[in-house]
Amino acid sequence: SSMPVVKIGRMAGQFAKPRSAPDETIDGVTLPSYRGDNINKEEFTPESRRNDPNLMVDAYYQSAQTLNILRAFSTGGFADISRLQAWNLDFVETTPEGSRYRELAAKVDESLRFMKAIGIDTSSPEFTTVDFYVAHECLLLPYEQALTRQDSTTGKWYDCSAHMVWVGERTRDLDSAHLEFCRGVGNPLGVKIS
């Protein structure tokens, strides 16, 4: 258990929803399925369910804002290990997991006090910042393709919409365009298996 941990968050993604059927029917009215906030809107009206490419641009800007906030938190002191007790855990406060977390946090505090006592600087970046990566499903190919760039030094292609992309239940078909796209990028890749 002394292995390094790579932190990957499923966030700042593309806001797309895979659907089993292209349409849905409510009270005898059939409209295109809601496919996510960067394709169409959830409200069940013809106007809302029309594809709107401007929503992709909105999703891009929202993702960029999320990443900027994440970057500020991960390097601006929020990730400081000495603040372990201050991290918001209201959602597990009265659970067995919350109790185990508090026990672990107490041990970490004790270890940090020992490190300080023997002269280790616990205010260095190793203790106060964290590397954090984001990932999402490679679902909406026009979005992924628009954010794919070639590295000028290596010539490799990278999907810059996330650090890691994955294929899921509806996109991992061996003959799918999604797998072909993933084959061509240098990002770490994943396959979601339910």
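The values are calculated or read from the model by the stated rules, or taken from the named source; none is laboratory data. None of the values given here were measured: they were computed from a predicted structure. Neighbour counts run over all protein chains shown; Cβ positions are idealised from the backbone, glycine included. All accessible areas refer to the heavy atoms of the entire protein, side chains included, with ligands and DNA or RNA removed. Shrake-Rupley method; radii C 1.70, N 1.55, O 1.52, S 1.80 Å.
With a ≥ b ≥ c the root eigenvalues of the C-alpha gyration tensor of segment 69-135, is it rounded (a/c under 1.5), prolate (a/b larger than b/c) or oblate? Since a/c reaches 1.5 but b/c is at least a/b, the shape of segment 69-135 is classed as oblate. Close amide H pairs (under 5 Å, H built 1.01 Å from N) link Ile8 with Tyr133, residues at least 5 positions away or on another chain. In this structure the amide hydrogen of Gly190, modeled in the peptide plane, comes within under 5 Å of the amide hydrogens of Val165, Trp166, Val167, none closer than 5 places in sequence on its chain. A cut-off of 5 Å between modelled amide H atoms, ignoring neighbours fewer than 5 places along the same chain, links Cys160 with Thr148, Arg149. Projected label points at Ala21 and Arg83, each 7 Å from Cα along the beta carbon direction, are separated by 4.8 nanometres.
For every helix of n ≥ 4 consecutive DSSP H residues, a contribution of -39,500 (n - 2.57) applies; sum these over the chain, divide by its total residues, and give [θ] at 222 nm rounded to the nearest 500 deg cm²/dmol.
Taken over the chain, the calculation gives -10000 deg cm²/dmol.
Ligands, DNA and RNA left out, the accessible area of segment 23-182 computed with a 1.4 Å probe is 54% carbon and sulfur.
The radius of gyration of the Cα set in segment 104-194, together with its Dmax, comes out at 20.1, 60 angstrom. Over the chain, the pair-distance histogram of Cα-Cα distances with 10 Å bins from zero comes to 8, 24, 27, 22, 14, 4, 1, 0 percent, rounded to whole numbers. Label sites at Trp157 and Met115, each approximated as a point 7 angstrom past Cα along Cα to Cβ, lie 4.2 nm apart. Couplings for segment 164-173, taken from phi via the Karplus curve 6.51 cos²θ - 1.76 cosθ + 1.60 with θ = phi - 60°, read 10, 10, 9, 10, x, 3, 9, 10, 9, 4 Hz in order; Gly and Pro are left as x. Averaged per residue, the chain has 67 square angstrom of accessible surface, using a 1.4 angstrom probe with ligands and nucleic acids left out.
Sorting the segments 121-129, 74-82 by their mean number of nearby beta carbons within 10 angstrom, highest to lowest, gives 74-82, 121-129. Derived scalar couplings between HN and Hα for segment 70-82 equal 4, 4, 5, 5, 6, 10, x, x, 5, 7, 4, 4, 6 Hz in order, rounded to whole Hz, by the Karplus curve 6.51 cos²θ - 1.76 cosθ + 1.60 (θ = phi - 60°), x for Gly and Pro.
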